[in-house]
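Chemist: Below you will find the structure I want to go over with you.
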Amino acid sequence: MTSQNFRGERPVAATAPLADTRRPSAARARRARGARGSAAVLALPILLLLILLPTVAAQLTWGDLFQGIIDWAGGLFNGDGDDDDDGGSSSSSSSCTASSLTGYTSSVSLGSSLTLHWTIPSGGKTVKFALEADGGTNAANGWMSVGFSSDGDMSPADAVIGNMGGTGVYAYHISGYGLSDVARTSSFTIYAPGLSATSARTLMTFTRSTSDGSVSVKPSGSNKIIWAYSPSGSKSLAYHGSKYGRTTVDLSCSSSGSGSGSGSGSGSGSGSGSGSGTGNACTSSTLTGYTYQAQLNGNSLLLHWNKARSNGAVTMAVEAKSGAAKSGWISLAWTANGKMAPADAVFGNLAGGAVGAYEINGYTVSSIQSSSLWIGQSPTTVTSASGSTVVKFSRKHYTGAVSRFLAWNKNTLMWAYSPSGSKNMGYHGGAYGRITVDFSCRTAPSGGGSRGGDDDDDDDDDDDHDRRERWHRSHKRG
């Protein structure tokens, strides 16, 4: 009996496979033509290499040339038939996440070893950026850059480049694809540039205006971001090889999570660090003679104060508990727009224990001038005791420029100190930050500290408005 399969069909005896005499299908024909075409395209750059070799040999190495051929051919065989500069990493858009850095709200990953962090201060006139490179990588040890492009290409673009070789962080314009096309520019300004490094990471920080440059930064909407870094860890700016990429980022995106800089608003950062906070709930002062305190830079830099309504002044103390601030100069400033300038500032210096009132009208040491518009009231001392340096002063809350006087409620403050411990006023580097402190401190502290004056806050907002108007009228008459 001949066996049948489960479908009731007779089995077919096993035989040698027959040659397929059918005509090839259209799909097979297309694949064959594609293979022949790809082989021809692959041969083309090799032929060009042989023709152009005498011209380019003096500029490129064999490795550069063959790597270029391999990269181009790889793109063709993987379905990327265009000839643009796609780079090591390309993304149509990036979703932001909560920043892990204090003082920044959002971040996006730029490849395997770079992360871009940012925050937009109130008013939306500037954006504060930090480009973070993982510790030990070529990006962390050499140079790294982030750029702003209108179409996502390397050129034309505005870029910020930082170099761990000590040359600093500067603004550049990229007008082409050679090193000679990357040149410093004054078409856009970067504020508070800084580089800091630990074993875990390297940070390049800067702030950019949203209104200048050949490619402006948009606080909301799509921004074409390009990035690159040293492929070898070299500190000399050179060809990036495959270590570059591009993405599209909407800076208005927001993500909840840790590291946003809100809440306590301590503004601390690694090392000397820079930072900002959106607010700071006060606690009981740990400094004898003061009622409240708030963190300026973590627990290493504290602001203490009393409310003394009887004489119209607030008595304050800035306490440096660790780091370079203990041995050099320290400053605290009132700013109307969250920027370093214009501002009213107090500078304290351990050299002679002097405390002075100043106006800051720019971003250089020469633009910081002694002020007679507002004067720090007694006591004005700098002391060093119990392992801390304390700058003491007081300020009447209706003195100073009309837009940046001391308010009974929320005050936008800038702080800075000598990054090296120098007693001579100089550039603060990364040792600075911004924070909002509510001097009304509506949550009563528990524990010690002496209390000065009336603590009735019911009419604080109206009082500030009235005093602002009186100040403005009196100075117009003067």
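We did not get these values from a lab; they are worked out from the coordinates using the rules stated. Given the structure is predicted, the values throughout are model-derived calculations rather than measurements. Cβ sites come from the backbone with ideal geometry, for glycine too, and all protein chains shown count toward neighbours.
Chemist: Could you tally the net charge around residue 316, taking each other residue with its Cβ under 9 Å from the Cβ of residue 316, Lys/Arg +1 and Asp/Glu -1?
Modeler: +2
Chemist: Check which residues have an amide H placed less than 5 Å from residue 244's amide H, if you skip close sequence neighbours.
Modeler: Hits under the 5 Å cutoff: 88, 89.
Chemist: Take every Cα-Cα distance within region 90-250, group them into 10 Å bins from 0 onward, and report for each bin the whole-number percent of pairs it holds.
Modeler: 11, 45, 38, 6, 0
Chemist: Run down the lysines and flag those whose C-alpha is under 29 Å from the C-alpha of residue 218, throwing out any fewer than 8 positions away in its chain.
Modeler: 125, 128, 243, 339, 410
Chemist: Run down the lysines and flag those whose C-alpha is under 21 Å from the C-alpha of residue 423, throwing out any fewer than 8 positions away in its chain.
Modeler: 321, 326, 392
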